[in-house]
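The values are calculated or read from the model by the stated rules, or taken from the named source; none is laboratory data. Because the structure is predicted, anything quoted here is derived from the model rather than measured. In this analysis, Cβ positions are derived from the backbone assuming ideal geometry, glycine residues included, and neighbour counts consider all displayed protein chains.
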Amino acid sequence: MGIAGVRRLIKIQAKSKQDAFSKAYNGIMEQGCGGVNEAGNCSYRTEEGYKCGIGHLISDADYDSRIEDCGIGGMVDNTDLVNDHIKIDTHLTSSFLSGLQSCHDRAVRAAVTSESGFLKEFEYQMGEFAKINNLEIPNVK
């Protein structure tokens, strides 16, 4: 069974904070929109294949739909074991991943009331997150 009571590990595919940030940033910018389901809620992955920033850090093989509606922080800290005891496997802190997740989620909410749209809001949120965490905005591929 692996880690005490944990039946499934989902590995975050990032070597460093900068790598995680760059993959999330580039993934969103390349797909041109956020990971939002048809009900308007943020999703790690939508049925159409769109992903949120954290969704871009989870491989297709590791993705499990049971993580939807669960915050990344609780899964990393093992305080939010979902359904069949899924745990996020990462060396990154829950506060860093939660902050990264919040950039996407705040941009989704702000885009509803903003004239600038999701991508501009996402760029702004990620820019502020980069300053706080001493990260560099990547060049979009």
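Quick check: is even one residue across the range 111-131 at pLDDT 80 or above, buried (at least 17 other Cβ atoms within 10 Å of the Cβ) and touching a strand residue (DSSP E or B) at 6+ places or on another chain (Cβ under 8 Å)?
no
Among residues belonging to the range 36-72 that are in contact with a Lys or Arg (Cβ under 7 Å, 6 or more places away or on another chain) and closer than 13 Å to Gln101 by Cβ, point out the one that is surrounded by the most Cβ atoms within 10 Å (Cβ to Cβ).
The extreme case among them is Leu57.
Output the residues belonging to the range 1-24 that are small (Gly, Ala, Ser) and at pLDDT below 90.
If the condition is that a residue be small (Gly, Ala, Ser) and at pLDDT below 90, then Gly2, Ala4, Gly5 are the ones that fit.
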